[in-house]
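S.K.: Structure below; questions to follow.
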Amino acid sequence: MKKLIVILLLLNAVFLSAQTAQDSTQVYKKRVLESAEVDFLMSYYQQDGDHAAVTGGIGTEKLNNITPTIVLSVPLNEDDVLTIDGEVSAYTSASSSNVNPFDGTKPADPFVASSGASGSDAWIGANASYSHSSDDRNRIWSGKLSISNEFDYFSIGIGGSHTWLFNQKNTEFGLSGNVFFDSWYPVYPYELRPFAEGGSGYFPGTPVYNPTFSTFTKTGRNSYSAGLFISQILSKRLQGSLSADYVMQQGLLSTPFQRVYFSDVDSSFYENFRLADDIERMPDTRSKVAVGGRLNYYINQYLTLRTFYRYYFDDWGIQSHTFSVEVPVKISGSFTLYPSWRFYNQTAADYFAPYAKHLSTEQFYTSDYDLSKFTANQYGFGISYTDIFTRFHISKFGMKSIDLKYHYYSRDTGLKASIIALGVHFVMD
Amino acid sequence: MIKKLLLLFVVAITVTSCVSVKEYEKIYLNDPDMVLGLKKLDRFETTFQAYREAAVGANGGKTGGGCGCN
């Protein structure tokens, strides 16, 4: 599978360069992208709950995140478009601050945020993608490079896709592949560190605390994905698509700072905080399959119906269903409203158990509620303003649209989250 | 499972390929809200869902890699 994806990516690169040379003899073609475009995007996300994975399934899940992003698309000629985007995701997290809850400012407690250094960080990522369209615009090749970094994780990825349009552009078929080579810089719960190989074997103030703990020896994580996509115009007002993704991951799939507590091991406390018995231990491979479909219907000049369904399963025992519907409402030539609803449910991973329900004799275990059985509902509302005349300008760029969206997410495990996102789209004159 | 998926795609192509809407008849289909994919602003929503939920893929969002999620 891995070799197949890599071969497909290489073939895609060869076809891309060959097609670029072949197409260079054309005299005039309508440009795929008329002029350079810039998107300034920003989101603010916050969540809270009582099942933090870092404290073994109990404790605060409070998290705030802000994500400024810029996306620049540049037409290199009639056929080729280069897109570069950069994103910074800065967060403060009560949950991850409790990797070290013993900051001394107040009694350690899983429901109280620590002032530890791990309580805030920034994820920085960049992507560059290049696409080439054939003369008749019936074939599109694209390649993509991505890189990202945060304090405990680094990733580099490469991907590509090939799309065919036929049946008078009524049908579209695409293949895609992505490979990511990621690395953890493992950070372990503070109280376990003395019990790693070469450690002191003693945590101050807790003479009976003596966990059996070993660090991870392999810290890489590779992900290989392959995707299929087909879309079809079904009538003058109706079109749909089907897509499928297969993902294979191998390497360190556990999160090193997530604690686990066993029911058959005596508890040790420091202040109000139960000291970890171990960290999450997961298998080093995982295969995922997702199959989804979209169906969009143009009801009239005011209303459009957008629907999505996905079935997912993996070899960790999780199955899930996702359904969403959005009904854009055009209230004028410039303004559109976007009410939406999304339903999601999943079964639990084979290795999940709540706080202090695992046995020390198990091979794999986690108390991460993101892998538990749950149902979630998400309600959204957005508004979009479009100015086709781009009257407002900054330098040579005219503003074409502003989008604002808000979503409220509620999980039956108690997690509540909300996200607000703003996007401003500029087009070069 | 893979065979079933391939069969589904073949059936989908076969059943639907007889439909042909001309370019000049696509005025409704070319509406920006009829796009069969994610808009740029949706990237934040799909990313947080990839962190908070086990399921990924088949929606144009991340399928793994690039973050410690999933």
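S.K.: In the set A:394, A:383, A:419, which member is at the interface with chain B (Cβ under 9 Å from one of its Cβ atoms) and either touching a strand residue (DSSP E or B) at 6+ places or on another chain (Cβ under 8 Å) or modelled with pLDDT of 95 or more (or both)?
M.R.: A:419
S.K.: Next question. Which one of A:358, A:407 is in contact with a Ser or Thr (Cβ under 9 Å, 6 or more places away or on another chain), under 30 Å from residue A:212 (Cα atoms) and not polar (S, T, N, Q)?
M.R.: On inspection, the qualifying residue turns out to be A:358.
S.K.: Taking residue A:273 as meeting all but one of (1) surrounded by 18 or more Cβ atoms within 10 Å (Cβ to Cβ); (2) at pLDDT 95 or above; (3) more than 30 Å from residue A:173 (Cβ to Cβ), write down the number of the exception.
M.R.: So residue A:273 meets the others, but not (2).
S.K.: Is there any pair with a first residue in the stretch A:144-169 that is more than 11 Å from chain B (Cβ to nearest Cβ) and a second that is among the charged types (D, E, K, R) and outside any strand (DSSP E or B) whose Cβ atoms are under 8 Å apart and which are 6 or more apart or on different chains, and what are they?
M.R.: Qualifying pairs under 8 Å: A:165/A:137.
S.K.: In the stretch A:315-338, which residues are closer than 27 Å to residue A:353 by Cα and either of a type outside the set (A, V, I, L, M, F, W, C) or surrounded by 15 or more Cβ atoms within 10 Å (Cβ to Cβ) (or both)?
M.R.: Across the stretch A:315-338, the qualifying residues are A:315, A:316, A:317, A:318, A:319, A:320, A:321, A:322.
S.K.: A further question follows. Which ones in the stretch A:65-86 are over 30 Å from residue A:270 (Cβ atoms), free of Cβ contacts under 8 Å to residues at least 60 places away in the same chain and either touching a Gly at 6+ places or on another chain (Cβ under 6 Å) or of a type outside the set (Val, Ile, Thr) (or both)?
M.R.: Listed by number, the residues that qualify are A:68, A:70, A:72, A:73, A:75, A:76, A:77, A:78, A:79, A:82, A:85, A:86.
S.K.: Moving to a separate point now. Here is a check on your reading of the model: is residue A:246 out of contact with any Cys (no Cβ under 6 Å at 6 or more places or on another chain) and either more than 11 Å from every other protein chain (Cβ to nearest Cβ) or over 30 Å from residue B:34 (Cα atoms) (or both)?
M.R.: No: the conditions fail for residue A:246.
S.K.: Please go through the stretch A:381-401 and pick out each residue that is crowded, with 16+ Cβ neighbours inside 10 Å, part of a strand (DSSP E or B) and not charged (D, E, K, R).
M.R.: Listed by number, the residues that qualify are A:382, A:384, A:386, A:397, A:398, A:399, A:401.
Yes/no per residue for (1) among the hydrophobic types (A, V, I, L, M, F, W, C); (2) touching a Phe, Trp or Tyr at 6+ places or on another chain (Cβ under 7 Å); (3) under 24 Å from residue A:177 (Cβ atoms):
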| residue | (1), (2), (3) |
| --- | --- |
| A:216 | yes, no, no |
| A:228 | yes, yes, yes |
| A:256 | no, yes, no |
| A:262 | yes, no, no |
| A:278 | no, yes, no |
| A:286 | no, yes, yes |
| A:290 | yes, yes, yes |
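S.K.: So if I check each of A:106, A:62, which one is without any contact (Cβ under 8 Å) to a residue 24 or more places away in the chain and either closer than 28 Å to residue A:354 by Cβ or away from chain B (no Cβ under 14 Å) (or both)?
M.R.: A:106
S.K.: With respect to the numbered conditions (1) on the phi > 0 side of the Ramachandran plot; (2) away from chain B (no Cβ under 14 Å); (3) not aliphatic (A, V, I, L, M), which one is the sole condition not fulfilled by residue A:251?
M.R.: Just one mismatch for residue A:251, condition (2).
S.K.: Any residue in the stretch A:242-253 that's in a loop (DSSP other than H, G, I, E, B): show its pairings with residues that are of a type in the set (A, V, I, L, M) at Cβ separation under 7 Å, as long as the two are six or more apart or on different chains.
M.R.: A:253/A:282
S.K.: Still on this structure, I have one more. Filter the stretch A:176-230 down to the residues that are among the polar types (S, T, N, Q) and within 30 Å of residue A:242 (Cα to Cα) and list them by number.
M.R.: Hits for the stretch A:176-230 are A:176, A:178, A:222, A:223, A:225.
S.K.: A follow-up question, please. Please give the number of the condition residue A:90 fails out of (1) surrounded by fewer than 15 Cβ atoms within 10 Å (Cβ to Cβ); (2) farther than 19 Å from residue B:42 by Cα.
M.R.: Residue A:90 satisfies all of (1) surrounded by fewer than 15 Cβ atoms within 10 Å (Cβ to Cβ); (2) farther than 19 Å from residue B:42 by Cα except (2).
S.K.: Residue A:137 passes all but one of (1) free of Cβ contacts under 8 Å to residues at least 40 places away in the same chain; (2) surrounded by fewer than 16 Cβ atoms within 10 Å (Cβ to Cβ); which number fails?
M.R.: With (1) free of Cβ contacts under 8 Å to residues at least 40 places away in the same chain; (2) surrounded by fewer than 16 Cβ atoms within 10 Å (Cβ to Cβ) applied to residue A:137, the lone miss is (1).
S.K.: Looking only at the stretch A:283-297, which residues are in contact with a Ser or Thr (Cβ under 6 Å, 6 or more places away or on another chain) and surrounded by fewer than 21 Cβ atoms within 10 Å (Cβ to Cβ)?
M.R.: A:295, the sole residue that qualifies.
The values are calculated or read from the model by the stated rules, or taken from the named source; none is laboratory data. Note that the structure is a prediction, hence the values are computed from the model and not measured. Positions of Cβ are backbone-derived with ideal geometry, glycine not excepted, and every protein chain shown enters the neighbour counts.
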